[in-house]
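Before any comments, here is the structure.
Taken together, the values in this text are just the output of simple stated rules run on the coordinates, not laboratory data. Values in this document were obtained by computation on a predicted structure and should not be read as measured data. Glycine gets a Cβ as well: all are built from the backbone with ideal geometry, and neighbour counts include every protein chain shown.
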Amino acid sequence: MKILVCVKQVPETDVAIQINEKGIWIQTDGFTEFKMNRLDEFAVEEAIRLKESFGDTSIDILSVGPERSADVIKRAIGMGADHGVHIRTDIDEYLSPSFIAAWIAQYARSKYYTLILTGAMSEDHMNGQVGPRIAAHLNLACATGVIRQQLSSDRQTLYVEREIEGGNRDMLELKIPAVVTIQSGLNTPRYPSLSNLLRANKQALEIIDPGKWTRQEVGETILQVKYPVKSRAGEVLTGSPQAKAKKLLVILREKAFIE
């Protein structure tokens, strides 16, 4: 069984970011710290658990991005994956999910993966588009936001449960091969072991230049990035306590906080 897990390097969420000089993305050179997208960690962990349960399984880790993205590939290998693939781009700004999905599908088309796993979305863009687009390119079954999955003993079908509105769940059975996007809570991602990290640092990655593939997708672009503007303004009530209480009551009713 062959599994492909797609991972992404994203900015650290607890570190202040700066907008670059062009005003179309964040400043990355020396100003921003990066990590593996949290939801992708769940996808890596799920692949490793399938390998431990079924054996005779290889796990490829793939990331699209600039040179620094190799760090998250090596981390995934440190968690227990087998092989790393880096579709290396010169673009260190926003990259449309349509391009990312097309490149991943181009690579995976002749590899005959049993499963392709991704996180449900990335922490920076939150588009949730890469997984479904990969499935569309490869004409594979796809389930998104999966919080439980179970591969059949004959490896022909995959039972999944996915979150929908109202706390309900969709229960689906997918024919293999398939694409699944993983939601948080499916498992608890492990920390890479020291021995695996040392192995990952020594292991050569498969480097691919996407320039050899014809770009047929039409992706969106970022026109401007700016810091959030504070728009909330407080209102000071004046008058006697009784008058202020009446004004407050009117405001709450206008905002439908009370009837």
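What to note about this one:
- For segment 2-212, DSSP calls about 35 percent of its internal beta bridges antiparallel.
- Kirkwood-based shape ratio for the chain, expressed as Rg/Rh from alpha carbons: 1.10
- Contact order relative to length of segment 2-212, as percent, for alpha carbon pairs under 8 angstrom and 6 or more apart: 25 percent
- Label-zone membership for segment 146-175, site Asp56, 7 angstrom Cα→C-beta point, backbone N under 12 Å: 154-155
- Cβ-to-Cβ counts within 10 Å put Trp25, Trp213 in ascending order as Trp213, Trp25, the fewest first.
- Taking amide H as placed 1.01 Å from N in the peptide plane, the amide H of Thr28 sits under 5 Å from none that are at least 5 places away or on another chain.
- Of Lys2/Lys74; Lys8/Lys230; Lys22/Lys212, pairs whose Cα-Cα distance is over 22 Å: Lys8/Lys230; Lys22/Lys212
- Where only DSSP H runs of four or more residues are counted, the chain gives -8500 deg cm²/dmol as its mean residue ellipticity at 222 nm, each run worth -39500 (n - 2.57).
- Ordering Ser96, Ser153, Ser184, Ser122 from the fewest to the most neighbouring beta carbons within 10 Å gives Ser153, Ser184, Ser96, Ser122.
- Given 13 as the ceiling on other Cβ atoms within 10 Å, longest exposed-site-free region of the chain for trypsin sites (Lys or Arg not before Pro) in DSSP loops: 112-214
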